[in-house]
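Worksheet: the structure to be examined is printed underneath.
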Amino acid sequence: QLQLVESGGGLVQPGGSLTLSCAVSGSTVESLHIGWFRQAPGKEREGVSFIIKGAGVTHYADSVKGRFTISRDNAKNTVSLQMNSLHNEDTGVYYCAASKPSTVLQSLVVSTTPDAYDYWGQGTQVTVSS
């Protein structure tokens, strides 16, 4: 079955950087829509960044645009989220999630809400604090 495992979280000071990784097994990353989500204390889970099947077109939430970069490594079958210039507001549990497009049309459209994703990692804590 499809499994996702996040790693790379930790404690970092404001302005610092972290890189999160999502190891995927059961499917190739090229065959999946993959998203990074985060959930801060007292808040709902929100989409952060996404990469679509095949072409690898990316999408970012306005709050992280210009600071975060999503990428995939096909050889390692992983997806990473490079986070730079971190803010206190970036604190939360970060999850990678995947969906399997079943039609050609679905493969061309990326969803940015948690309910659209069927497979989830366990989450990794990111804490930005001075």
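Miscellaneous remarks
- At most 14 other Cβ within 10 Å, DSSP loop - GluC sites (Glu not before Pro), region 31-116: GLU44
- Förster-model FRET efficiency, 22 Å R0, VAL57 and SER31, C-beta, rounded to 0.05: 0.90
- The label point for ALA116 and the one for SER102, both projected 7 Å from the Cα toward the Cβ, are 1.7 nm apart.
- Each Lys and Arg contributes +1 and each Asp and Glu -1, all at the Cβ; summed about the Cα centre of the chain, the dipole is approximately 180 debye.
- Normalised per residue, the accessible area of region 12-89 is 48 Å², obtained with a 1.4 Å probe and no contribution from ligands, DNA or RNA.
- Here's the picture: a label point sits 7 Å out from the Cα of SER85 along the beta-carbon direction, and within region 5-36 the residues with their amide nitrogen under 17 Å of it are 13-19.
- For the chain, the fraction of 1.4 Å probe accessible surface lying on carbon and sulfur atoms is 49 percent.
- Along the chain, the longest continuous region that contains none of the trypsin sites (Lys or Arg not before Pro) in a DSSP loop with at most 13 other C-beta atoms within 10 Å is 77-130.
The values are calculated or read from the model by the stated rules, or taken from the named source; none is laboratory data. If you're wondering where the values come from, they're calculated on a predicted model, not measured in any experiment. Please note: Cβ atoms are built from the backbone with ideal geometry, for glycine as well, and neighbour counts cover all protein chains shown. Note: accessible area is taken over every heavy atom of the protein model, side chains too, but ligands, DNA and RNA are not part of it. Shrake-Rupley method; radii C 1.70, N 1.55, O 1.52, S 1.80 Å.
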